[in-house]
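What follows is a short report on a single structure.
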């Protein structure tokens, strides 16, 4: 069930209405209603077979968390009679439990997502449960916190953590401490007026990002990738920049909608983006881009490997391994491996450069960072590793011809058709003009000093804002036909 659909809007309206009404009577029953709604949402989007895979994984996590967080209760005889005492479970058994539960989750992810890649296509299951990559990392984070004593959730809350419908498809990846306490807070299923205002604002902005900006950029990008031999160097760079903007607006738009939907239920999701394209270094970029994934990799992989505490060479090796895992988590292909290693090597180069890089002008540091990110995204988008190299070669050596109308004509197709009828004398300029406005608007959104999540925290409705958001929402809803699914739902 796509967020950008009438079905989702109807589902959300019914879920919020039923759960909030039930919470006025008994909040525990309302929580059960919300869990049931999450199951319905997942079955509608992923099917019963996919749900069964996640439920089995959830059962493994429940059993492991129970073992890791519960003491071993024994009885001993004393002079004044029998007495019960709690004894911690042996460390070796706890490690074994953690290893077996983690091995289950990683094994299921590998079986569904990487069998074809690892066997060269000889063996492949042909499908994967919706959101399996996000589910797996979230469960691993839960197991790690339970093992280290960082957090001990109530077992009855685990299904909602695993299948919370705003996050189950494409995140954010929820750290246990960021979610479970809210289930027993005052606002859970009892949101106030500020929550409603902020939630509706975030959903409207997210819809506009996805439907009006990301999908139109995607139409241009897809056209360019279908006909790479016909691109000139400027056209190739337009395709490259288009995907850089599309990916951010698509994924951050999803996160805005998810945060807004959760806010209507009294849940605050963690920030997943913080204007990453304003970054002046790759290190800063990864503190701003997909923040919850970066947090997971840092806490559950980089620190356990030793982080930066075991010498320079070991630190560099840990960085490369972390970004290799990040690349493979996003997709089973050599282009994803190349993307991950590029970012790992970029981080190593920045560390080796040291303070000398900080002495460069801020504008130059931004150009270097943004340029590197653009080039790296080519490998992320490319269907094959060699395809990425060919597009980059065209971007450097493809000639200086301006992009043709064939590349631009799929941008705002309905709006362009209306303008051609109203302004027939401007037909040759309509597609280029709309493309310019699209890229200018997208760049303004990604570089604006205060992003949607910043504004969501202190959003106050006014008549002017309400009219603007209503207009954007109406435009997005009228454009639902032909809207593509969110990019990160493929991962």
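Both radii are taken from the alpha-carbon atoms of the range 362-424; with Rh as the Kirkwood radius, Rg/Rh is 1.14. Calculated on C-alpha atoms, the gyration radius of the range 93-204 divided by its Kirkwood radius gives an Rg/Rh of 1.07. Helix 233-264 and the long axis of the chain differ in direction by around 40°, with both axes built from C-alpha atoms.
Counting neighbouring Cβ atoms within 10 Å and putting the fewest first, the residues 112, 6 line up as 6, 112. Rounded to the nearest 10 degrees, the angle from helix 27-46 to the longest Cα principal axis of the chain is 50 degrees. Contact order for the chain, expressed relative to its length and based on alpha carbon pairs under 8 Å spaced 6+ residues apart, stands at 19 percent. The three principal axes of the C-alpha atoms in the range 195-490 carry coordinate ranges of 67, 53, 38 Å, sorted with the longest axis first.
Considering every pair of different Cα atoms, what Kirkwood radius, in Å, is found for the range 304-453? Walk me through the intermediate numbers first.
Numbers: mean 1/r = 0.0525 Å⁻¹.
Computed over Cα pairs of the range 304-453, the Kirkwood hydrodynamic radius comes out at 19.1 Å.
Against the chain, whose longest principal axis is taken from its Cα atoms, helix 463-478 shows a tilt of about 80°. Taking the centroid of alpha carbons for each part, the range 173-236 and the range 1-42 are 20 Å apart. The fewest-to-most ranking of 446, 18 by surrounding Cβ atoms within 10 Å reads 18, 446.
Annotation: the residues 406, 286, 334, 25, sorted from fewest to most other C-beta atoms within 10 Å of their own C-beta, follow the order 25, 406, 334, 286.
Give the relative contact order (percent, whole number) for the range 377-491; include only Cα pairs under 8 Å separated by 6+ residues. Numbers along the way, then the final one.
Numbers: 24 pairs, mean separation 16.0, N = 115.
Relative contact order, the range 377-491: 14 percent.
With Rh defined as the Kirkwood radius, the inverse of the mean 1/r over Cα pairs, the Rg/Rh of the range 170-284 is 1.12.
Remind me, what semi-axes does the range 253-334 give for its equivalent ellipsoid, largest first in whole Å, using sqrt of 5 times each Cα gyration tensor eigenvalue?
Values: eigenvalues 158, 38, 38 Å².
So the three semi-axes of the range 253-334 are 28, 14, 14 Å.
Taken together, the values in this text are just the output of simple stated rules run on the coordinates, not laboratory data. A quick note: this is a predicted structure, and the numbers were derived from the prediction, not measured. Reconstructed Cβ throughout: ideal geometry from the backbone, glycine too, with neighbour counts over all protein chains shown.
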